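Colleague: Before I ask anything, here is the structure I am working with.
The values are calculated or read from the model by the stated rules, or taken from the named source; none is laboratory data. Everything quoted here is computed from the prediction, not taken from an experiment. Cβ coordinates were reconstructed from backbone atoms using ideal geometry, including for glycine residues, and neighbour counts include every protein chain displayed.
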Amino acid sequence: MLQQTKGIVLRTIKYGETSVVCSVFTEMYGVQSYMVQGVRSSKTKGNKAGLLQPASLLDMVVYHKPQANLQRIKEFQSAYIYQSLQEHVVKNSIALYSVELLLRLLPEQAPIPELFGESMDYFMRLDKAEVDKVGNYPLYFSRECCNMLGYNITGNYSAKTPHLNMQEGGFTAFPPIQRPFMTDEDARLVGLLLDVRSLESVSQIPMNGATRFRLLDWFIEFMHSHTQHMGEIKSLPVLRAVLH
């Protein structure tokens, strides 16, 4: 059955001489795997393969068969043409981290329209943002994934609850017996991150690179504690190397 849907490319793997298999987070059907035939052929008009890079935003016409492991795309075109994201090393590294997070976290064939809409908006805003304002974007996106997938952090940071307990998933009055946990300044910053409602606001939270990655490591470990299939985030070392 032919259906129209928007999609975010998460991963593309070469298949045979001229084809690819893409993992795409779609608005209507969640994460789906698509066979795209002939897209790498020299006879293909235009740079269609270039539209299938990770983080590409697509308008698609697809043949959808419920429960099928591999779907087919009839037509696709760019839903948004990036101006700087794919060329700028910092923005591109943030985008690759973000799509890998979606790839690792999302269940297959399960629509999550709220997270899809948030993700589309996030990638477009990342593209348009000034590069010196995007340092906290990975933290914001990690928080949004936690919230929308039900991995909630409870309570609030305060002088009475200054410890962030991973096992309990919230702020506590006393430090937990087991690590990892956060306390004092790092816990306060997480409290600020949980309160912000926009990318513009998260950009105003001051922190250096070392602090930023301590917090990001905590969020990743927190997500690991909720899902066993997440695996290693392979784009993280590159993000550490370019984002300071």
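Colleague: Restricting segment 68-81 to residues that are surrounded by 15 or more Cβ atoms within 10 Å (Cβ to Cβ) and in contact with a Leu (Cβ under 6 Å, 6 or more places away or on another chain), which is modelled with the lowest pLDDT? So that I can check it myself, show each step before the final result.
Modeller: Of the residues in segment 68-81, the ones surrounded by 15 or more Cβ atoms within 10 Å (Cβ to Cβ) are 71, 73, 76, 79-80.
Still in the list and also in contact with a Leu (Cβ under 6 Å, 6 or more places away or on another chain): 76, 79-80.
Values: F76: 95, A79: 98, Y80: 98.
Looking at the filtered set, the residue picked out is F76.
Colleague: Identify, by number, the condition in (1) surrounded by fewer than 19 Cβ atoms within 10 Å (Cβ to Cβ); (2) modelled with pLDDT under 95 that L243 doesn't meet.
Modeller: With respect to (1) surrounded by fewer than 19 Cβ atoms within 10 Å (Cβ to Cβ); (2) modelled with pLDDT under 95, L243 is out only on (1).
Colleague: Looking at segment 147-166, which of the residues that are surrounded by 13 or more Cβ atoms within 10 Å (Cβ to Cβ) and of a type in the set (S, T, N, Q) is farthest from F219 (Cα to Cα)? Lay out the reasoning, then the answer.
Modeller: Let us first name the residues in segment 147-166 that are surrounded by 13 or more Cβ atoms within 10 Å (Cβ to Cβ), namely 147-149, 151, 153, 155, 157, 161-166.
Then drop every residue that is not of a type in the set (S, T, N, Q), which leaves 147, 161, 165.
Working: N147: 11, T161: 19, N165: 12 Å.
Here the residue is T161.
Colleague: Out of the strands (runs of 3 or more DSSP E) lying entirely within segment 147-223, which hold 1 or more residues that are in contact with a Lys or Arg (Cβ under 7 Å, 6 or more places away or on another chain) and modelled with pLDDT under 90? Explain how you work it out, then say what you get.
Modeller: On the way: elements: 163-165, 170-172, 181-183.
Fully inside segment 147-223 and qualifying: nothing.
Colleague: Output the qualifying pairs, or none if there are none: Cβ atoms under 7 angstrom, residues six or more apart or on different chains, first residue in segment 198-215 and among the small types (G, A, S), second residue surrounded by 11 or more Cβ atoms within 10 Å (Cβ to Cβ).
Modeller: Within 7 Å, the pairs are S203/K133; S203/N136; G209/L243; G209/H244.
Colleague: Check S42, S84 and return the single one that is in a loop (DSSP other than H, G, I, E, B), farther than 26 Å from T211 by Cα and either at pLDDT 95 or above or not hydroxyl-bearing (S, T, Y) (or both).
Modeller: Numbers: S42 fails: either at pLDDT 95 or above or not hydroxyl-bearing (S, T, Y) (or both).
Result: S84 is the single residue among S42, S84 that is in a loop (DSSP other than H, G, I, E, B), farther than 26 Å from T211 by Cα and either at pLDDT 95 or above or not hydroxyl-bearing (S, T, Y) (or both).
Colleague: Also: Step by step: first the residues of segment 1-10, then only those that are assigned to a strand (DSSP E or B) and either outside the structural domain of N69 (by TED's automatic domain parsing) or surrounded by fewer than 18 Cβ atoms within 10 Å (Cβ to Cβ) (or both), then the one that is nearest to the chain's Cα centre (by Cα). Which residue is that?
Modeller: If we filter segment 1-10 for residues that are assigned to a strand (DSSP E or B), which is where we start, we get 2-10.
After this cut, where a residue has to be either outside the structural domain of N69 (by TED's automatic domain parsing) or surrounded by fewer than 18 Cβ atoms within 10 Å (Cβ to Cβ) (or both) as well, the list is 2-4.
Details: L2: 28, Q3: 25, Q4: 23 Å.
Applying the filter and picking the extreme gives Q4.
Colleague: Please name all residue pairs, on different chains or six or more residues apart, with Cβ atoms under 9 Å, provided the first residue is in segment 115-136 and is in the same structural domain as Y29 (by TED's automatic domain parsing) and the second residue is surrounded by 20 or more Cβ atoms within 10 Å (Cβ to Cβ) and at pLDDT below 95.
Modeller: none
Colleague: Could you tell me whether segment 107-114 includes any residue that is assigned to a helix (DSSP H, G or I), out of contact with any His (no Cβ under 9 Å at 6 or more places or on another chain), loosely packed, with under 15 Cβ neighbours inside 10 Å and not acidic (D, E)? Can you show your working first?
Modeller: In the first step, residues of segment 107-114 are kept if they are assigned to a helix (DSSP H, G or I); the result is 113-114.
If we keep only those that are out of contact with any His (no Cβ under 9 Å at 6 or more places or on another chain) as well, we get 113-114.
With loosely packed, with under 15 Cβ neighbours inside 10 Å added as a condition, the list becomes 113-114.
From the residues that got through so far, the ones that are not acidic (D, E) too are 113.
Yes; the residues of segment 107-114 include at least one that is assigned to a helix (DSSP H, G or I), out of contact with any His (no Cβ under 9 Å at 6 or more places or on another chain), loosely packed, with under 15 Cβ neighbours inside 10 Å and not acidic (D, E).
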